[in-house]
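K.L.:
Got a structure here, written out as structure tokens. Questions coming.
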Amino acid sequence: MFKNHLKIAWRNLIKRKVFTAINILGLSIGFGSAILIYLFLCYHLSFDQFHENSDRIYRMTTQENRGSIEFEPSVPPGFAKVFSEEYGYADKVAKIVDIDGYIIDVENNGSTEKYKKDVAFVQESFFKIFNFPLVNGSNMVSLSAPNTAVITENEAINMFGTLDVVGKNFVFENDKTIEITGVLKDLPQTTFLKANIFISFENLADHFEFASGEFWGGITSNLQCFALLKPNQNIADIETALLELPKKHRPNSKNDHTYRLQPLSDIHLNADYGGLNPIFLIVFGLIGLFLIGIASINFINISTAQAFYRSKEIGIRKVLGSFKQHLFWQFLTETFLISLFAVAIGIVIAVLSLPSFNTLFELQLSAQSLFNFQFIGFLLLLLGLVAFLSGSYPGILMSRIVPVLALKGKLNHNDMGGNSTRKVLVIAQFVISITLIVSTLVISKQIEYAMNTDLGFDKESIVMLEIPDDFDAARFNSLKERLKQVPGVQHVSGCLGSPGAADSNWGTSIKYNNRPEVEEFSIVVKVADVDYLNTFRIPLVAGRNFFKNDSITEMLVNEKLAEKLGLTSEELLGKAIEVNGGDIKANIVGVVKDFHDGSFAEDIGPVFIAPNVSMYNEIAVKINHLNAKNTLEQLNTEWSKSFSNYIFDYRFLDERVAEQYETEQRYLSLSKVFSGLAIFIGCLGLYGLILFFVNMRTKEMGIRKVLGSNVGNILRLFSIDFLKLILVAGTIATPLTWYFMSQWLEGYSYRTEIQWWYFVIAIVGIMLITLITISYQTLKVALANPIKSLRTE
Amino acid sequence: MLLKLNNIFKWVQSGGQRVFLLKDINLSIEEGEFISIMGPSGSGKSTLLNVIGMLDDFDEGEYNFLDESVHNLKEKHRANLYKQYIGFVFQAYHLLDELTVKENLEMPLLYSKKSSSERKSLVADMLDRFNIVGKKDLFPSQLSGGQQQLVGIARALISSPKLILADEPTGNLNSKQGEEIMELFKQLNDEGVTIIQVTHSKKNAAYGSRVINLLDGRRI
């Protein structure tokens, strides 16, 4: 019986080539997208699942309360030791400190190669907590002695050209010689750990004393602390027990710490602690469902519309002894066959588009991960679901056909039923398309707004040059003077923290005008020289710029501080400010206009700007963009004269600002690609439906033409039905999209408005596409000689 | 007694009025009869045939088929009954276009769950008997009208029904083909199959043993 069903199904598919092609094409795109999305979701959900004790591994985090609550994926440097020695919860505790951009010299065959590398300083026990084995499979990493390191296979090949590097040395930061004691297997992509070079924690003190010590005064996001808990621990109890730590170790701090334990599995997908927002995955999943849904709707629409042509077959089968369930399963077999083809093509589509997908989302997914049992299970499930969902309704409809009417040819299209269902489904498709188009518009407008709105500072043609720690005031000043002489250079300013660098902002406490208590809010520190305002074109609103100096005597603040204190800008002038627990103390000499330091999702906060040459880590150079290439080369030359042992590295400020909108950009690419696909699949279905309607009404058109109707009238007759459906869809989609996109925009402190014409564009656009689809088919029939269509009856 | 109709009425509602399709039909048919139903267009011939074939309902009266009261049966039982005992032949042949001759013949057997070997031998017998072995792999569209009707009859006979219902079986055929089909019916009837045919043609009706005339849904 099944074989017979299969045979019939195959011949039916061959016979109705156009419809089959539309169905298969739509479904394959749906399947292809679903497969990609599946890979994407699997990738993000599989982070750090491979560690032997992953359910017992926790990251120690801090909830900071300074008027508002902030989450830090880190703890004070002194925490680890206390947690491991004074409490009995953990088997092992380890600290790791990631720092970017160190200079490493590797000597190979007599020649020395310089690299700039990101490095992690790590305690040996780290490798006992996690499964990051050495190439021989053991976890006996040896890092307890100073000046030792382990590197990954990849890095070994990269730096030495061989895996046989144990015992070899490299020079770190032009200073210490470090011996490699082991080679690690390459880290999987699906781990939080991104470093390739791991240096003994003992070396950290030379480079970042605060992170290396047992301090409790603050938190650096470079440091992470992990613990492997003993089995069967109650996390809530541990967190309660830790509540005493801030009182003990930071008795006078206004910054109220609460320490928390974050499960390893939570790290990748907790936006509070800098992970990916899981909503992103949900949106992704929904889009996958939408696409499959749209393709299934096509299938249902076309099949129910086609039912009429098959009524004779069904009538005969019923008379010859078929039961309803036979017909139902026969039809399902057909759907299954189509879905099977679609899955096969879908896999091909997915594999072919994987490279572009990877580029778009900066992933390295491989097609190999497709061929495992889990994936086959997913595919079968999807296949079954789609075949059943899209096959059962048409199946039921067809099995209901009354044989006498069907055989007498007395069945008309309305008897077949499914007309209103079809309309509802078409409306659903239009709703999805309109929603996706409007969402795309809103997201792109918000990004455009963020990119093009005046941020309060100049970000164009500003090159940020990194400078190493290793310099003094004289060296800095001479470099600055030489950079100023380079043709094409307009302004030069040394700083720690350019505007728009909120990611690396240093926020700290502030005490205003010798008040007894520090303020409830924190202030962002921008350490910069006298040319900061010129270089970034930040206007003063009151007072003056500070005088040229290498250390702090005067400072600038922004208007926001005045607002927070409830004062006018003028009132701030001449007042003293203490920052960072009294480390920095100076008088306010000027107030600058507020500028957007972070993305538009963040409020502008209080900022102060003051000079301190020893803290600068970047030089901002405003250049004339016309001859940028030459200018950059000369900047390199001058820079290298001062820092001959280091590697010249620069970035344009506008790129760095654009990076703040990375997530948004991804949302945008996502919604662009998938709304395009959704519209395409929707159009395929529309084409199929229209083809069917035109066939069905050929006779009607013939009669109308004989009675004097012209082509235009006929076209209008057809279009109006569909246009009505689009209007209904628009009415449903508008409030829905308005609501959800308003919610999305709520997340931005500075945002664009949703404009009514986005909806007009979407609806009119869909109407146009529909009209074009309709016109082609309709014109073909409308222009034909009516005698033909009438004679065939 | 093969079947018996008592006071059968069938009507449709049209504009608040009952329009009778069948009016007080009484009919009993013995096994082995060859009956022709005649009458002008719209007289209810096909409706009567469909009622006998249980493809269509009636509104009033009694219908007994092989001592089963059809009017008391649920739809599923009724379907079982006609699938077991009745074969249908149509004016427009109603072969499945997507199936070959052989597959068309095999289809009713698939639904009655015959084994594969049984199906093969029955289909081979039928092809043999109707002299269409050479055509077994052709599709209906590759056959002439007469040949298609031949296949239609073979398909109706393959599950050895007691009764063949034929609705104008020669209506789409030329006179020579028509004669051949009628000869075939005659021959089947001689072998013991009961046949009821609807026809317009007196000549065709003459092949039968009895003629039933209808006008406006009544026997006359």
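What follows draws every value from the coordinates through simple rules; no lab data is involved. These numbers come from a predicted model, not from an experiment. Methodologically, a virtual Cβ is constructed for each residue, glycine included, from the backbone with ideal geometry; neighbour enumeration extends over all protein chains shown.
K.L.:
Averaging sequence separations of C-alpha pairs under 8 Å and six or more residues apart, then dividing by the length of chain A, give the relative contact order as a whole percent. Mind showing how you got there, number by number?
P.N.:
Numbers: 1324 pairs, mean separation 117.1, N = 793.
Computed over chain A, the figure is 15 percent.
K.L.:
For A:Trp216, A:Trp757, what ranking results if the residue with the fewest other Cβ atoms within 10 Å of its Cβ goes first? Intermediate results must be reported in sequence, preceding the final value.
P.N.:
Details: A:Trp216 20, A:Trp757 10.
Starting with the residue having the fewest Cβ neighbours, the order is A:Trp757, A:Trp216.
K.L.:
Helix B:101-111 against the longest principal axis of chain B: what's the angle in degrees, Cα atoms only, rounded to the nearest 10?
P.N.:
The angle comes out near 60 degrees.
K.L.:
Moving on. Any idea which of B:His94, B:Leu127, B:Asn104 is furthest toward the positive side of the dipole for segment B:3-219, if Lys and Arg beta-carbons carry +1 and Asp and Glu beta-carbons -1?
P.N.:
Result: B:His94, furthest along the dipole toward the positive end.
K.L.:
Of A:Gly581, A:Ile197, A:Thr333, which is farthest along the charge dipole of chain A in the positive direction, counting Lys and Arg as +1 and Asp and Glu as -1 at C-beta?
P.N.:
Sorting the options by dipole projection puts first A:Thr333.
K.L.:
Another question about this same structure. What does the average come to when, for each residue of peptide B:98-105, you count the partner chain Cβ atoms lying within 10 Å of its Cβ? Display every interim value, and only then the final one.
P.N.:
Numbers: counts 9, 5, 2, 0, 0, 4, 2, 0.
Per residue, the number of nearby Cβ atoms from other chains is 3 on average.
K.L.:
For segment A:242-300 and segment A:1-78, write down the distance between their C-alpha centroids in whole Å.
P.N.:
Comparing the Cα centres of segment A:242-300 and segment A:1-78, I get a distance of 17 Å.
K.L.:
Can you give the calculated 222 nm mean residue ellipticity of chain A, where each DSSP H run of n ≥ 4 adds -39,500 (n - 2.57) and the sum is split over every residue, rounded to the nearest 500 deg cm²/dmol? Could you put the intermediate results ahead of the total?
P.N.:
On the way: 25 runs with 396 residues, N = 793.
Helix contribution divided over all residues of chain A: -16500 deg cm²/dmol.
K.L.:
Would you look at the GNM of chain B, springs on alpha carbons closer than 10 Å, and say which of B:Gln13, B:Gln84, B:Gln149 moves the most?
P.N.:
Its mean-square fluctuation being the largest, the pick is B:Gln13.
K.L.:
Would you please put A:540-551, A:309-320 in order of how densely packed they are, using the mean number of other Cβ atoms within 10 angstrom per residue and starting with the highest? Let's see the in-between values first.
P.N.:
On the way: A:540-551: 15.3, A:309-320: 22.2.
Put in order of decreasing packing, that is A:309-320, A:540-551.
K.L.:
If each residue of separation counts as 0.36 nm, what is the full-extension length gain between A:Thr553 and A:Ile772 once their alpha-carbon separation is subtracted?
P.N.:
Details: separation 219, 0.36 × 219 = 78.84 nm, distance 7.11 nm.
Extra length from A:Thr553 to A:Ile772 when fully extended: 71.7 nm.
K.L.:
Which whole number gives the average, over all residues in A:310-317, of C-beta atoms from other chains lying within 10 Å of the residue C-beta? Present the calculation step by step, with values, prior to reporting the outcome.
P.N.:
Values: counts 0, 0, 4, 5, 0, 3, 10, 5.
Average per residue, whole number: 3.
K.L.:
Nearest 20 debye, what's the magnitude of the dipole of segment A:648-793 about its Cα centre given +1 on Lys and Arg Cβ and -1 on Asp and Glu Cβ?
P.N.:
Values: 14 positive and 11 negative charges, 246 e Å.
The calculation lands at about 1180 debye.
K.L.:
Follow-up. Test of understanding: ordering B:His94, A:His491 by Cβ neighbours within 10 Å, fewest first, what list do you get? Intermediate values should be presented prior to the final figure.
P.N.:
Details: B:His94 24, A:His491 19.
Listing B:His94, A:His491 from fewest to most nearby Cβ atoms yields A:His491, B:His94.
K.L.:
Of all beta bridges DSSP finds with both residues in chain B, what is the antiparallel percent, to the nearest 5? Walk me through the numbers before you get to the answer.
P.N.:
Values: 18 of 35 bridges.
DSSP beta bridges in chain B are roughly 50 percent antiparallel.
K.L.:
Please turn the phi angles of segment A:115-120 into ³J(HN,Hα) values with the Karplus equation 6.51 cos²θ - 1.76 cosθ + 1.60 (θ = phi - 60°), one per residue in order, whole Hz, x for glycine and proline.
P.N.:
Along segment A:115-120, the couplings run 10, 10, 10, 8, 10, 10 Hz.
K.L.:
Report the antiparallel proportion of the DSSP beta bridges in chain A as a percent, rounded to a multiple of 5.
P.N.:
Numbers: 75 of 92 bridges.
Among the beta bridges of chain A, antiparallel pairing accounts for roughly 80 percent.
K.L.:
Can I ask one more? Just grab the label-to-label distance for B:His200 and B:Leu73, each label 7 Å out from Cα along the Cβ direction, in nm (one decimal).
P.N.:
3.2
K.L.:
Mind putting a number on the dipole of segment B:3-219 about its Cα centre? Charges go on the C-beta only, +1 for Lys and Arg and -1 for Asp and Glu, and I need it in Debye to the nearest 20. If you can, show how the numbers build up before the last one.
P.N.:
On the way: 26 positive and 28 negative charges, 22 e Å.
The dipole of segment B:3-219 has a size of about 100 debye.
K.L.:
Which one of B:Gln13, A:Gly500, A:Phe547 is farthest out on the positive end of the charge dipole of the protein assembly as shown, using unit charges on Cβ (Lys, Arg +1; Asp, Glu -1) and the Cα centre as origin?
P.N.:
Looking along the dipole axis, the top candidate is B:Gln13.
K.L.:
Using 20 Å bins from zero, what percent of all Cα-Cα pairs in the protein assembly as shown falls into each bin?
P.N.:
Here the calculated profile for the protein assembly as shown is 10, 28, 25, 16, 13, 6, 0.
K.L.:
Moving on to the next point. Long-range amide H contacts for A:Leu496: which residues qualify at under 5 Å (H placed 1.01 Å from N, peptide plane, sequence gap of 5 or more or a different chain)?
P.N.:
For A:Leu496, whose amide H was placed from the backbone, the distant partners under 5 Å are A:Val527, A:Ala528, A:Asn617.
K.L.:
Let me ask something else about it. So for segment A:469-645, averaging the separation of alpha carbon pairs under 8 Å that are six or more residues apart and normalising by length, what relative contact order in percent results?
P.N.:
Working: 355 pairs, mean separation 59.0, N = 177.
33 percent.
K.L.:
For chain A, what are the DSSP H helices with axial Cα length of 24 Å or more and mean Kyte-Doolittle hydropathy of at least 1.6? Spell out each step's value before the answer.
P.N.:
Details: long enough: A:17-45 (40 Å, 1.63); A:278-319 (56 Å, 1.18); A:324-361 (50 Å, 1.34); A:373-399 (36 Å, 1.78); A:419-452 (49 Å, 0.92); A:662-696 (50 Å, 1.03); A:711-746 (50 Å, 0.98); A:756-782 (38 Å, 1.64).
Helices passing the filter in chain A: A:17-45, A:373-399, A:756-782.
K.L.:
Roughly how many debye, to the nearest 20, is the charge dipole of the protein assembly as shown about its Cα centre, given +1 on each Lys and Arg Cβ, -1 on each Asp and Glu Cβ, and no other charges? Don't skip to the answer; put the middle values down first.
P.N.:
Working: 96 positive and 106 negative charges, 1384 e Å.
Result for the protein assembly as shown is approximately 6640 debye, rounded to the nearest 20.
K.L.:
What are the residues whose amide H is under 5 Å from the amide H of B:Gly87, where those residues sit 5 or more places off or on another chain and H is modelled from the backbone?
P.N.:
Excluding prolines and chain starts, which carry no amide H, the hits are B:Leu163, B:Ile164, B:Leu165.
K.L.:
Could you go through segment A:567-572 in sequence order and give the Karplus-derived ³J(HN,Hα) for each residue, using 6.51 cos²θ - 1.76 cosθ + 1.60 with θ = phi - 60°, rounded to whole Hz, and x for Gly and Pro?
P.N.:
10, 8, 4, 4, 5, 6
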